[in-house]
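Presented below is the structure to which this report refers.
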Amino acid sequence: MKRLAPLLATAGLVAASLPLLTAPQAAAAQTPGYMRQKPAWHRCSPDRPVDYECATLKVPLDYQHPEGRTLDLAISRMKSENPAKRRGVLLFNPGGPGAKGLMRPMGLNAKMPKDVRERYDLIGFDPRGVGESSPITCGGLSQAEQGIGGAYRPETFPSDVAWARGIADKCREKSGDVIPYITTRNTARDLDVIRAALGERKISYLSYSYGTYLGAVYSQMFPQRTDRFVLDSGVDPQRVWRGMVQVWATEAEPAFQRWTRWAAERSDRYGLGTTPEAVSATFWGLVARADRDPIVHNGQKYTGDDLRADPSLFASPYGASAAVKFLKSLAENGPRPTGGDAPQLKRPLAGAPASGPNASEPNASGANTPESNSAAAGTVEAPGDYATAVYWSVVCGDTDAWPRDPDQYARDAVRDKAKYPLYGDFASNIKPCAFWQRPLEPATPMKTRADVLTVQNEWDPTTPLASGQGLHKALKGSRMALALGGESHGVYLSNPASCTDATVNEYLATGRLPAEGVACQDPPPFP
């Protein structure tokens with residue numbers, strides 16, 4: 001020890017001479033590098049507004065191993081023009097899973113009232129795996145593989161199983177090293193990286209459809225970072241994700257009954273029957289007839305299954321009446337050219353509902369625009385199938401609640417077709433999730449209070465009222481603004497006459513939630 005004393009003394013002098021880290025320096029040293037990025041903003045494109053700027057961040061593929069592989073995360077912004085009134089940033093997500101959001105600030109900038117707009121820098125982003133954010137691929141999927149599955153029939157069920165297994169195998173082969181990390185929880189972590197890169201203590205957030213679930217998950221993972229959140233057209237966290245497909249079946253039935261009453265009251269205009277029972281019989285008669293002898297329109301054949309394949313149809317009594325009247329005319333009089341009063345008939349892809357979560361999402365103004373299921377026939381070249389690849393990655397990877405036994409899907413489809421004739425067998429038929437990789441994390445429990453605003457149309461065709469109510473119930477402290485009579489998927493800024501816009505604007509501008517839920521009556525969409 002005596003011999004060591006001079007050495008120890010010298011070491012002490014050296015240690016004493018080292019500068020002590022300040023508390024902020026110590027905190028920064030402990031902060032992961034990906035949380036200390038600074039965006040290199042630049043003009044997005046010469047043909048876009050000068051104040052529409054873009055940047056790219058790096059995020060970990062696997063947040064449990066952040067030193068490993070990274071993904072690009074494309075972000076955009078349009079800054080507030082009134083720094084004196086600026087509160088912070090408002091992130092936007094249009095839905096999906098699989099929808100792009102990078103360009104959406106331009107639409108919001110044009111649509112938002114000035115007293116709301118000037119409080120925020122508007123922030124868009126393409127979620128991981130989507131668009132400009134390291135898009136993933138399943139190697140090119142055919143048109144049939146872009147859908148979410150068809151009607152259940154015992155004779156075709158083996159081919160349905162092969163379809164589901166084939167998609168899972170293709171995705172695993174082409175992107176299997178990335179797909180397990182394309183989940184809602186990891187996307188929520190990406191949102192927090194954006195927050196940190198922007199130098200904000202909290203974020204505000206506006207979202208539609210799937211984006212509401214992403215926002216709900218963020219509010220649970222990062223409650224201290226959650227500011228003013230508007231969750232429009234809600235996904236029920238208790239239904240992710242098989243239940244969100246099945247809710248299209250359960251909620252198509254009351255919409256169908258409402259339509260039969262509406263059409264019967266206007267039998268002189270549509271000629272579908274003078275009673276709700278007669279209108280129903282007209283529709284189901286067309287289904288049976290099309291199963292025997294497909295209805296032809298524009299060279300395409302529509303079977304009875306095709307007539308049932310869009311559960312969103314009956315959310316709009318006007319649209320449903322026009323379509324069924326037209327189909328009835330085709331069945332009775334044969335095909336004729338489209339024109340004049342001919343409604344736009346949707347051609348479902350592999351039985352997928354054309355208004356499903358991967359097919360159409362509200363744009364920045366809330367209106368529906370095709371996102372992914374609009375590919376031309378044939379093979380979609382990578383990365384053109386990123387929307388479908390991300391859709392299944394999230395839907396299958398967020399939860400382990402999907403059955404793994406194909407026979408379970410067959411039994412459920414038979415049961416649900418009897419209970420929900422319009423869409424029950426479509427909803428419960430087998431999906432690629434039966435053969436997907438096991439999730440790396442469980443679904444996010446909704447236990448933390450979230451003082452957020454949920455917004456809902458009564459007759460939303462894609463996230464029905466029952467789903468929106470489920471989101472509101474799951475988020476303790478939330479308030480709901482309900483537009484009675486509203487029929488679109490997407491409420492805020494969608495319909496200039498929507499009665500809920502004032503509530504949303506007040507919340508975004510002031511942060512004040514209504515004392516209790518708001519239910520107001522929208523004007524009818526058609527005279």
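Numbers at a glance
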{"read-out": "Segment 143-179 - residue that is part of a loop (DSSP other than H, G, I, E, B) and of a type in the set (V, I, T) and, of those, nearest to A309 (Cα to Cα)", "value": "I148"}
{"read-out": "Residue check, R239 over 18 Å from W459 (Cα atoms) and under 18 Å from the mean Cα position of the chain (by Cα)", "value": "yes"}
{"read-out": "Filtered residue count, segment 61-86, keeping only those that are part of a strand (DSSP E or B) and touching a Ser or Thr at 6+ places or on another chain (Cβ under 6 Å)", "value": "4"}
{"read-out": "Sole residue being β-branched (V, I, T) and crowded, with 22+ Cβ neighbours inside 10 Å, chosen from V491, V518", "value": "V491"}
{"read-out": "Answer from G129, G199, G176 - the residue that is out of contact with any helix residue (DSSP H, G or I) (no Cβ under 7 Å at 6 or more places or on another chain), modelled with pLDDT of 95 or more and within 18 Å of W436 (Cβ to Cβ)", "value": "G176"}
{"read-out": "Single residue of L214, L206, L191 found to be modelled with pLDDT of 95 or more and assigned to a strand (DSSP E or B)", "value": "L206"}
{"read-out": "Filtered residues of segment 268-325 (kept if touching a residue at least 12 places away in the same chain (Cβ under 8 Å), among the aliphatic types (A, V, I, L, M), surrounded by fewer than 17 Cβ atoms within 10 Å (Cβ to Cβ) and closer than 20 Å to G424 by Cα)", "value": "A288"}
{"read-out": "Residue in segment 11-20 that is over 29 Å from W241 (Cβ atoms), surrounded by fewer than 20 Cβ atoms within 10 Å (Cβ to Cβ) and modelled with pLDDT of 90 or more present", "value": "no"}
{"read-out": "Residue satisfying all of: in segment 151-194; crowded, with 16+ Cβ neighbours inside 10 Å and of a type in the set (S, T, N, Q); nearest to S393 (Cα to Cα) among these", "value": "T183"}
{"read-out": "Segment 76-104, subset over 20 Å from A188 (Cβ atoms) and not charged (D, E, K, R), residue surrounded by the fewest Cβ atoms within 10 Å (Cβ to Cβ)", "value": "A84"}
{"read-out": "Positions within segment 147-176 being in contact (Cβ under 8 Å) with a residue 60 or more places away in the chain and of a type in the set (D, E), in sequence order", "value": "D160, D169"}
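Conditions tested, residue by residue: (1) under 13 Å from D232 (Cα atoms); (2) in contact (Cβ under 8 Å) with a residue 12 or more places away in the chain; (3) surrounded by 15 or more Cβ atoms within 10 Å (Cβ to Cβ).
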| position | (1), (2), (3) |
| --- | --- |
| H472 | yes, yes, yes |
| L482 | yes, yes, yes |
| G486 | yes, yes, yes |
| A497 | no, yes, no |
| T503 | yes, yes, yes |
| L513 | no, yes, yes |
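The values are calculated or read from the model by the stated rules, or taken from the named source; none is laboratory data. From a predicted model like this one, the values you see are computed outputs, not experimental measurements. Please note: Cβ atoms are built from the backbone with ideal geometry, for glycine as well, and neighbour counts cover all protein chains shown.
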